[in-house]
Amino acid sequence: MKKILLAIFVLLTFCAWAAPVTEKNNPLGIDNTCYVMYQEVEKQLGKDGFSAAADLFLQAATAKKDDKALVIYHVELLKDLIVRPLSEDSDARVDEMRERLKQVAREKNQPYYFYYSYQLSQEYYTKHGESYRALLLLQEMQNHALADDDAYGIWTSSKYLADIYIRNNDYVSAKPHLLQAIRLYNTTSDESIRRESPTRLYCDLADTYPIASDSVRINVALARRNAKFHLDSLRCTYYDLRLAALDNDLEKYLELREICKNDPQFHTITRNSRMFFSLIDACLDGSIIQREDEIYHLATIREMKVIANLCENWGYKEFAFNVEKKLVNLMEGLISSTNSSRVSELDVSMGKAALNAELVSKQNQLSRVSIFVAILLAIILLATALFSLLYIRQLKQTNAKVLLANAAKTRFVQNMSHEVRTPLNAIVGFSQLLSLPDGSLTPEEKDEFSGHIVNNTKMLTMLLDDILNASSMDKGEYRITYEEGEKNYMCLAAISSAEHRLQPGVKMYYEPEEAEPLTFRTDPRRVQQILINLLTNSCKHTTEGEIRLSSSLSENPGFVTFSVTDTGPGVPADQADHIFERFTKLNEFVQGTGLGLSICRDIATRMGARILLDTNYPGPGARFVFIVPINPEEK
C-alpha cells in the first residue's frame, strides 16, 4: 500500500512539474505541487478515497515545508467529517478537529483559518438543527476576533450571528451585529472583506426598522448602491417591489413583479414568492379577507407584516388589526419554541461538559487536592488579615451606592409608572370601545378611535426607545456610523417623522438659510434622530403659533447649524444646562420621560457636535441649536 501511495505521489509531482499551476489558478497561494493534490482531496471529500488523497497532500506539504498547506490539510479533515453521515460521536469528532485546526492555525500564523474553523463548525450545527450551539460558537468566535482585533473574524462572526437571529425572527438582536458588519465593511482595507458584497446586510438592516419608514428606504438605496452581483440587484428589486406596493404605486409594483417572477434565481431570495405576490394582488382586488390563513404560511414574519400593512393602506383596518394580533401571538409562540429548543440544547451540552469534567477531576484528584488545600489556607490567612482593615470602608461605600441606586430607582419607577400608564390606559380604553357590538359606533368614530390607539402606541414606543437608547449609551454600545448625508433631505425627513405630533392649529416648516443642497460626512440617522427629538419636544409645548426648523452655514463657519424655534412657553435661561440632565422635566404635566434632551446631548457629543439652548433668543418661545461639524474626526 505504501508503494502505491508513493507511486501516486511521484506521478502527481511529475504532473505538477510538467504542467505548472499558474498563480491565477492557485488562489490559495500554496506550493503548486501541493495545490494539485489539494484539488484531488477536495474531489474525495466524504468518499472512500479521501484518506489516501489526504495522506499524499500531507506528505507533499511536509516535504515542501509549506505551513499554509499544512493548515489547509487540517481544514480538509474537518470538512470531510462535516459532509459524512451523522453518527453517535460526530459532534465530538467535529469539536475535536476544530480545536486541532485552531491550534495549528495559531502555530503556523494563519489567523484566517483559525476563524474559518468556527465558520465550518457553525454551518455543521446549523445544518443539523442545533442553532443555539451554532450561536454559542459564533459568540466565542467574535470574542476571539475582538480580542485579536481581527477584521475578518469580526466581519464573519457578525454576519453569521445576524443571520441566525434573523432566521429566528429576532431582528432586535440581529441589528447591532448588522451595524457592526456594515461599519467594518465601510472602513476596512482588508481585501477578503472588500471582495464580498454588503447588499444583503443593508437589506436585512432595513427589515429591522418599521415597514416603509425612511430608514427602510435609506438602507434599500444603500443596498442597491453597493450591489456587486446579479443576485444583489435582484434582492434590491424585491425590496423596491414591497415599497412600491406599500406606496400604492401599482404600475411600478407590476413592473418589478414581472422582473422577479421571470428571473430563475429569484427563489433564492424568498420562498413562497408566488403566494406573496398573489396575496398582494388580493389586497388590491379585495379578496384578501377570504385568504387570511394563507398569510401565515409566508416565508417570514416580515412578509406577513407587509401584507397586514397593505390591508390597512387599502382600507381593511379591522382585518389588518386582527392579522397584527395573530402575528403577535405567532411571534410569542416562535420565541417560546426557540427558547425551549435552546434550553434542550444547553441541557445536552451541560450534560456532556459535566461528564467530561467529572472524568478529568477523577484523573487529577490526588494532585489537585494538596494544591487546593495550600491555596485555600493562604487565601484564608490573607483574607483574615485584610478583612478588618477593609470591611468598614467597603461597607460605607456599598451603603452609599445602595442609597443612590435606590433613590434613582424610586425616581425612575415613579416617573415611568405615570408616563407608561397614560398611553396604556388610552390604548385599552379605545380598544374596549372598538370591541363594542356592531352598530354601536359610526365608521367615523371607529376611525377616530383607531387613530387614538395608533398615536398612543407611537407615544409608548418613543418612551421605550428613550429608555433603550439611554441603556445602550450607558453600556457603550451606541455607535456612530459616518457616511454621506444631505442637510436639506435630513431636515425634511425629520419634519415628516414629527409632524403627526403637532397640536391643532400649529404649523411646522423648514426654512434653510441656503437653499442649495449640501452633502457632508456625518451620521444621517443620528442627525435625524436629534432633529426629530427637538421637533417632538416643541410639539409637546407649543399649543399655538409655529415651529420652524432651519439650517445655516454662516452662523458657525465649518459647521452646519440646525435650529428648532417654537412659540411655546420657552425655557428660563438659568435652566439651560439643567434641562439636558436625565429625568429632567420643567412641566410635569407634559408627556415624556425626561430623557429626550439628555439622549440628544450624548449622541451629539459622540459625533463631535454640540447641542444647546439659545439663551439670547428674545422669544416668544425657545430656540434650540444643534451644531454639526462638516469635516468630523471619524472614530
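Here the gap between L250 and D89, fully extended at 0.36 nm per residue and compared with their Cα-Cα distance, gives a gain of 52.4 nm. On a per residue basis, the range 498-546 carries 47 Å² of accessible surface, using protein heavy atoms and a 1.4 Å probe. The residues of the range 34-90 present an accessible area of 48 Å² per residue when probed at 1.4 Å with all protein chains retained.
Taking the centroid of alpha carbons for each part, the range 199-214 and the range 229-280 are 15 Å apart.
On the protein heavy atoms, probe 1.4 angstrom, tell me the percent of accessible surface of the range 159-253 carried by carbon and sulfur. Could you put the intermediate results ahead of the total?
Working: 1950 of 3990 Å².
Here it works out to 49 percent.
The apolar share of the surface of the range 26-94, taken as the fraction of accessible area on carbon and sulfur atoms (1.4 Å probe, ligands and nucleic acids excluded), comes to 48 percent.
Computed over protein heavy atoms with a 1.4 Å probe, the accessible surface of the range 179-248 works out to 40 Å² per residue. Under 5 Å from the amide H of N556 lie the amide H atoms of T561, each residue being 5 or more positions distant or on a separate chain, with H modelled from the backbone and absent for Pro and chain starts.
Using a Förster distance of 22 Å, how high is the FRET efficiency between N556 and N616, based on the Cβ-Cβ distance and rounded to 0.05?
Plugging the Cβ-Cβ distance into 1/(1 + (r/R0)^6) gives 0.95.
Between K47 and R393, the simple label model (points 7 Å from Cα in the Cβ direction) yields a spacing of 7.3 nm.
The length gained by stretching the chain between D281 and D67 to full extension, at 0.36 nm per residue less their Cα-Cα distance, is 71.1 nm.
Pairs exceeding 24 Å between alpha-carbon atoms, taken from K175/K507; K159/K261; K65/K102; K64/K102; K79/K159: K175/K507; K159/K261.
The stretch between Q59 and R606 holds 191.4 nm of extra length on full extension. This uses 0.36 nm per residue minus the Cα-Cα distance.
The values are calculated or read from the model by the stated rules, or taken from the named source; none is laboratory data. The shown structure was predicted, so the numbers you read here are calculated from the model rather than taken from an experiment. Quick reminder, even Gly has a Cβ in these numbers, built from the backbone with ideal geometry, and neighbours come from all protein chains shown. When the accessible area is computed, the model is the full protein with side chains, heavy atoms only, and any ligands, DNA or RNA have been set aside. Shrake-Rupley method; radii C 1.70, N 1.55, O 1.52, S 1.80 Å.
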